[in-house]
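Bear in mind that the values in this text are calculations on the coordinates, not laboratory data. It should be emphasised that the depicted structure is a prediction, and the values quoted were computed from it without experimental measurement. Cβ placement follows ideal geometry from the backbone for every residue including glycine, while neighbour counts extend to all protein chains displayed.
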Amino acid sequence: MKTEARTLAFSAFMALLIGSAGITATLASNSQAILLDGLFNLIYFSVALVTIKVSKLASRPDSESYPFGYSYFESLVNLCKGLLILGVSVFALVDAIAALLTGGREIAAGIAVIYALFATLACSLTAWVMHRSQRYVQSPLVAADKLNWVVNSLISAAVLSAFCLVMIFEKLNLDTLVPYVDSVLVIAVVLLCLGVPVRMASQALKELLNKTPEEVIAVPAREAIKRALAGTHTLEVRVRMVRPGRLLYVMVHVVMPEDGACDSLKRQDALRARIDDEVRRCYSPVVCDVVFTANTHWAAPTCGLLIDKHS
């Protein structure tokens with residue numbers, strides 16, 4: 001799929017399909033592992049509807065109501081995704097431990113195997129579609145969805161393997177082990193995959209708190225600014241950048257001598273254009289604000305309180 005909207009809509013549809021199948025299979029199999037998978041996908045479907053709306057907002061320019069654009073909505077959605085997945089995982093973990101301590105639970109392995117096979121194939125297909133879409137769509141929303149479906153595929157494959165193990169235990173007359181397989185499986189899957197929602201939520205929270213983006217983005221941007229200013233006499237260059245969602249926002253304060261070469265607006269605009277062009281070579285979309293000043297106070301770190309601009 002070559003558009004962000006169609007890719008996210010496909011992801012939402014698959015989440016609804018697998019989630020509905022999971023809830024139906026749970027009623028027939030009594031498996032908490034399947035219930036976890038079904039709830040996970042239904043919750044993800046509800047968030048996916050919001051994600052589609054946010055993807056449309058993120059492509060809009062800033063407005064009077066949102067003077068810095070809508071990119072922060074992307075980070076907010078990814079934070080909600082991470083926290084929802086984390087919440088469902090913790091709930092499932094507590095429930096599985098409780099079941100394990102009270103003798104486990106019986107499940108209908110045949111139905112569970114059929115569902116797990118369906119879920120594994122469906123999740124793998126969706127992850128592949130997300131991966132292919134990234135050739136045409138550079139979107140943190142699609143990237144987050146791809147990560148979700150890769151993890152979902154691994155979980156479904158683990159569930160399938162475990163339910164096959166149940167059938168083997170039943171044929172070997174190891175009936176005492178069968179009630180514990182489902183609970184042990186849920187605990188193992190949650191513990192192995194718990195880092196994914198934690199990392200997703202953590203990254204989104206850093207973006208919402210205006211933390212400097214990771215070095216793989218920040219370092220090339222800083223180097224691009226250095227190249228653009230090469231040959232220009234500057235006293236200090238201070239670069240600040242944040243990356244809410246897909247948008248990189250860069251603010252550059254250039255402190256110059258009062259009798260410097262960029263003493264006209266035309267020359268300053270030419271240098272701004274050069275900086276913007278260099279940064280875009282390493283990252284896009286980007287908003288690049290360049291401020292020229294002869295007073296270092298305008299470039300210095302500040303908490304917003306009044307400073308002495310003449311010292």
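At-a-glance table
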| item | result |
| --- | --- |
| Rg(Cα)/(2.2 N^0.38 Å) for segment 215-298, N = residue count | 1.06 |
| Packing rank of 3-14, 219-230, where each peptide gets the mean count of other beta carbons within 10 Å, highest leading | 3-14, 219-230 |
| Span per principal axis, largest first, for the Cα atoms of segment 120-258 (Å) | 89, 28, 20 |
| Estimated [θ] at 222 nm from DSSP helical runs (n ≥ 4, -39500 (n - 2.57)) normalised by residues in the chain, nearest 500 | -22500 deg cm²/dmol |
| Computed over the chain: relative contact order in percent, which uses C-alpha pairs under 8 Å that are six or more apart | 18 percent |
| Rough spin-label spacing in nm, given labels placed 7 Å along Cα→Cβ, for Leu49 and Tyr66 | 1.9 nm |
| Hydrodynamic radius by Kirkwood, which averages 1/r over all alpha carbon pairs of segment 1-114, in angstrom | 16.1 Å |
| Relative contact order (percent, whole number), segment 215-298, Cα cutoff 8 Å, 6+ residue spacing | 37 percent |
| By average C-beta atoms within 10 angstrom, highest first, the peptides 84-92, 38-46 | 38-46, 84-92 |
| Cross-link reach list, lysines versus Lys2, counting only Cα pairs under 23 Å and skipping chain neighbours closer than eight places | Lys53, Lys56, Lys146 |
| Mean Kyte hydropathy of 0.5 or more with a Cα span along the axis of at least 30 Å, helices from DSSP in the chain | 4-29, 32-58, 71-101, 109-133, 140-171 |
| Förster radius 51 Å - calculated FRET efficiency between Leu165 and Val216, Cβ distance, rounded to 0.05 | 0.80 |
| Projected-area mean, segment 85-134, by convex hull of Cα positions, square nanometres | 4.8 nm² |
| Whole-number percent relative contact order across segment 92-185, with pairs defined as alpha carbons under 8 Å at least 6 apart | 45 percent |
